[in-house]
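The values are calculated or read from the model by the stated rules, or taken from the named source; none is laboratory data. Predicted model, so just to flag it, every value in this text is computed and none were measured. We place every Cβ from the backbone using ideal geometry, glycine too, and count neighbours over all the protein chains shown. Areas reflect the complete protein model, heavy atoms only, side chains present, ligands, DNA and RNA absent. Shrake-Rupley method; radii C 1.70, N 1.55, O 1.52, S 1.80 Å.
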Amino acid sequence: MSTAHVPHSARDDRAAFDVIAPRYDLVSGVMTLGMGEGWRRAAAEVADVAAGAQVLDAFTGTGDLALLLADRVTSLGQVIGVDYSPAMIDRARLKAAATHRRCRFEVADVTQLPYENNRFDAVTASGGLRSLDDPSIGIGEMVRVARPGGRIVILEITPPRHLRGLHAGALAVAMPAVVRLLRGDPDAFARLAESVGHMPPPADVAALMWECGIGGIRWREFAGGMATLHHGTVRA
């Protein structure tokens with residue numbers, strides 16, 4: 001896929017994700033202090049999809065949220081997971097094959113989704129909006145491809161309001177250790193950790209969602225603000 005229309009910060013993050021992809025699940029576990037699986041399950045729950053639903057999972061990474069959603073829509077529906085990192089998509093496809101789940105994974109730019117308007121019953125995003133120079137572009141595309149009344153779910157790791165120093169200290173200690181253990185690219189790991197600070201506060205994200213056409217917006221913070229889950233429905 002061409003990078004011509006991808007914001008500069010997103011290109012940087014894509015390179016970082018391509019480097020980290022084989023080790024991403026371990027890195028994600030470090031960044032979430034082992035709580036990410038529970039947060040993804042909460043995101044799948046508020047997506048509120050059932051058998052037969054059509055779902056898009058943006059910024060799918062190695063596919064964990066998409067695979068949870070695939071369990072809910074069953075073989076009667078379809079989940080498509082997209083990410084701008086080919087290496088991450090390769091890992092997601094391997095997971096789907098290993099667990100015998102029906103889930104399609106494609107390389108795509110979330111700021112220019114290759115799908116028609118009003119296609120999906122729900123659109124989710126996990127851990128990617130912070131990589132965009134303008135998150136409203138990504139949210140706007142999520143709304144465009146969702147049907148009126150469809151669910152929009154956004155899960156992001158965020159700078160915690162409580163225990164901020166503890167979280168930053170844990171990352172400062174853990175991430176270099178992971179780099180040494182896995183012989184990774186220290187710059188790629190550093191960019192990934194630093195991106196946590198790029199996400200706007202929850203109220204600002206909710207305002208962006210409203211401006212993009214989403215109503216009934218609610219959000220929930222986990223672990224003192226270490227992650228935030230926003231959800232709402234596309235206004236008719």
Inset, instruction - May I ask you to list the residues in segment 207-231 that are over 16 Å from the mean Cα position of the chain (by Cα), open to solvent by less than 30 Å² (accessible area, probe 1.4 Å) and at pLDDT 95 or above? - result: G213, I214, G215
Inset, instruction - Under 6 Å between Cβ atoms, at least 6 apart or on separate chains: pull out the pairs that start in segment 141-166 with a residue that is over 19 Å from A50 (Cα atoms) and end on any residue that is modelled with pLDDT of 70 or more and loosely packed, with under 13 Cβ neighbours inside 10 Å. - result: R144/N117
Legend entry - All helices (runs of 4 or more DSSP H) inside segment 1-91 with 1 or more residues being open to solvent by less than 10 Å² (accessible area, probe 1.4 Å) and at pLDDT 95 or above: 36-47, 64-73
Inset, instruction - Hey, can you tell me all the residues within segment 102-149 that are more than 22 Å from G215 (Cα to Cα) and open to solvent by 60 Å² or more (accessible area, probe 1.4 Å)? - result: R102, R104, Q112, P114, D133
